[in-house]
1. Does segment 1-150 classify as rounded, prolate or oblate by the C-alpha gyration tensor (a ≥ b ≥ c root eigenvalues; a/c under 1.5 gives rounded; else a/b over b/c gives prolate, otherwise oblate)?
2. What ranking, highest mean first, results for peptides 669-681, 570-582 when packing means the other Cβ atoms within 10 Å averaged over each residue?
3. Compute the distance from the alpha-carbon center of segment 35-50 to that of segment 307-360, in whole Å.
4. Suppose only helical runs count, i.e. DSSP H with n ≥ 4. What mean residue ellipticity at 222 nm does that imply for the chain under -39500 (n - 2.57) per run, divided by all residues and rounded to the nearest 500 deg cm²/dmol?
5. Starting from the Cα-Cα distance between residue 371 and residue 165, subtract it from 0.36 nm times their residue separation and give me the gain in nm to one decimal.
6. What is the gain in length, in nm to one decimal, between residue 253 and residue 489 on full extension, counting 0.36 nm per residue of separation less the C-alpha to C-alpha distance?
7. Distance between Cα centroids, segment 743-759 to segment 213-266: provide it in whole Å.
8. Return a whole-number percent for the relative contact order of the chain, with Cα pairs under 8 Å and 6 or more residues apart as the contact set.
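What follows is calculated from the coordinates using simple rules that are stated; it is not laboratory data. These numbers come from a predicted model, not from an experiment. So basically every Cβ, Gly included, is an ideal-geometry build from the backbone, and we count neighbours across all protein chains shown.
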């Protein structure tokens, strides 16, 4: 390239950031990036001072964004092209640029920590010819990995590109230097057990081991293993509790290793794999050294490798002077060593192992040390465990000793060769398996339950575990338990609860149960005075409340669906049970995250629900054609409970609201005459839970109930309060929108609820209104279109007054969703969309807006162009989907609005967004024809 042209290019980009960005974008893709490399370096474009510092995000203290230096992609491209056909001149230039950047320090003697720059520089370094890569370049990798911004990107580069390329080049020296960094560690919070991690992030480190370990072992296995062993020694020197048998229970791969991907495990596995794949003659000195090192992990590794290469390396073990069984951490490796190789042991060697077993000092808890009988039993089991590894020898001494200790302690050895064993288990431990409990008769089961005594140790079987086993057994075989159910009147309430719960579970799995026996049992249970007097004030769990809850659940299940309902002859008993429960049950309402779930889980809530389902079942059977369909006893109770002095619980209010349509079916007159008592407007303690229950569970909006509630001011009140339950706020708006669609509300009536909704000061209502119609987008009808456009107009005038109120920006942006209903962007819709477009960056649905603009660009290109510019002028530069945006710009241009298209491109380019550059160049080129 001629010098004159180079100077002209440099002058062109001088003080023109968009042009500068554009040039480096082109250079990052060109096939010949070299002519400008030195000129650009000479005028300072690669000056390390220009490496951008992290920038703290405005109004987000502690949050930073990391700018990308615009020259980096160009330098990477130059390095790639030079890598394909290297020249000393370009290589030297790149090295000078790299060195300037990695050696640069600010006035405060600090480097600029930009992890994007570090990542790109790492790429460039390892695109250099191998002979030019210097120690300081490799050390830079260590520095970059220690960045306070994390190491994910450079870790990814090391594992996915750098090391594979070094392996491909068979560059042993560079690989060893890199591994010295990759295997190095950082120390996390000292209070953590797993406080050591690789400098490379965990995911990348594991990927490196998985994909490239074998290649590393072939190229420099000995040197790499030496590096790893030094790292292990350093860590163990700092903290002897690392590399323990809890985290690394076995040297071989084993399911007991919970986290094999951990840094420590991977280091051990690397050493193991090297020695396993080596010729045993070549490693005998190493193993002899390892077995005499102090930390157990080295001894464990040595024993494992001797086990693996026993025929050649066994002498190392037999030369030991001490008793290796005293090394508790090495138990598993020693056990496996004995088990796998004992058939090769000589009589002399077997005698020596017997001596080791007999002379070993066995650990005893203090409580057993002074009790010789118990101590002998425990030690017998421990010796028997070691001897079990040697039984394959058929040696008389071994067999005799094993039998001796087995007679002292015949218990089965669980998981021989392990100091501890981890099992995934949930819940409490049971003293008996469900299969074993089911083999017993009902009388035997009851006796077993009553005789069980819980020990005060967490690892021992518990009454909770036994009750869980009972529940499982009942759910699997309900008829076995219903046949002798009366016997369970004599067991503890925790077991009675599990019994009833088991029947509920059986019903849910569509098993049949003997309703008559169960209902009879429930009556007898709750009629007993003892059921109600048991004191739970000092107990963590109130099993009586749990039983009441299960009884209500069973009756609910047996009445709510005729397909699995109990026989009509049992309805009087169910009525008796429910009335007795409600008279005696205490309110255990405990507000959780929301009132609905709290009531659903309360005793009274479940009982009232069962009463309504019972009444509906009764009505379907016996009062289908009556005006008043419910049973007098239940109606009288509900009438009485309208007095809050008699029934002060929230439970009743929520259930009445939830089942309002069902109560209306049972007795229209009762609901109509008591509507303002059921929803007491002057007492929000009861009104809000009741109306929340109604909103929450009324999936359909019934005209008669909507009219009744709106005429009595309840929907208006619902608009004027902010419900604790977010769902309730949305449902209020949805109900009113349904009414508007159905013609029950008139938008031109200033007294209408739809008018009140549009003018609500609760942004949640406005957002719910927009989203209600947005959810209709897949089933658009003319009816919906005709209703939405006047609604949109009213919303526009409503929002116009809030243009400076940031709280409204999101919901203003959401109004752009209404574009889906427009067949064309007419003058009104353009005005409304333009207003929304100013705030579109506040709406994560903006890609839909872009998609809809594309849909309309052919018919109204100018309107679409103006809307796009409105968006850009307000600081939002969408980049998704790029293909849609390019197509919009192209179509605006094709439809003779080239100036608008160019303006859109310029706004993008001036803000450093380059994806529009190709279409911009095409438009400019065509305009000059």
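1. oblate
2. 570-582, 669-681
3. 68 Å
4. -19000 deg cm²/dmol
5. Going from the current span to full extension adds 67.5 nm.
6. Full extension of this stretch gives 79.7 nm more.
7. Each part reduced to its Cα centre gives a spacing of 72 Å.
8. That works out to 4 percent.
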